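Asks: Got a structure for you, questions after.
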Amino acid sequence: MRTKKYNKTAYMYAEKLRKLGYTVRFNWVDDNHYEDVSVCGPKFRGYGGEFSTPRKAYEYIYGN
């Protein structure tokens, strides 16, 4: 299991997804590190997907 440190970039992409109607949940390991993120929303028809980072989720959904 590789953990990632929660930082400004993770926050920014999570907020972008939330503003677009998605639910973003970090799967925390401790106070500052997360393993991955779960994203639910319109593209998944209420179901979710797991991604390594919020940025990867955003790129998958919007093709950047």
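Readers should treat all values here as calculations from the given coordinates under stated rules, not as data from a laboratory. Only a predicted model underlies this, so the values are computations on that prediction, with no experimental measurement involved. Methodologically, a virtual Cβ is constructed for each residue, glycine included, from the backbone with ideal geometry; neighbour enumeration extends over all protein chains shown.
Asks: Give me the net charge for the shell around Arg55: Cβ to Cβ below 13 angstrom, other residues only, Lys and Arg +1, Asp and Glu -1.
Replies: +1
Asks: Give me the percent relative contact order of the chain, please, defined on Cα pairs under 8 angstrom at least 6 residues apart.
Replies: 29
Asks: Which of the chymotrypsin sites (Phe, Trp or Tyr not before Pro) across region 15-64 are loop residues per DSSP, with 10 or fewer other Cβ within 10 Å?
Replies: Tyr47
Asks: For Val29, Val39, Val24, which order do you get if you count the other beta carbons within 10 Å of each Cβ and list the fewest first?
Replies: Sorted ascending by nearby Cβ count, the order is Val29, Val24, Val39.
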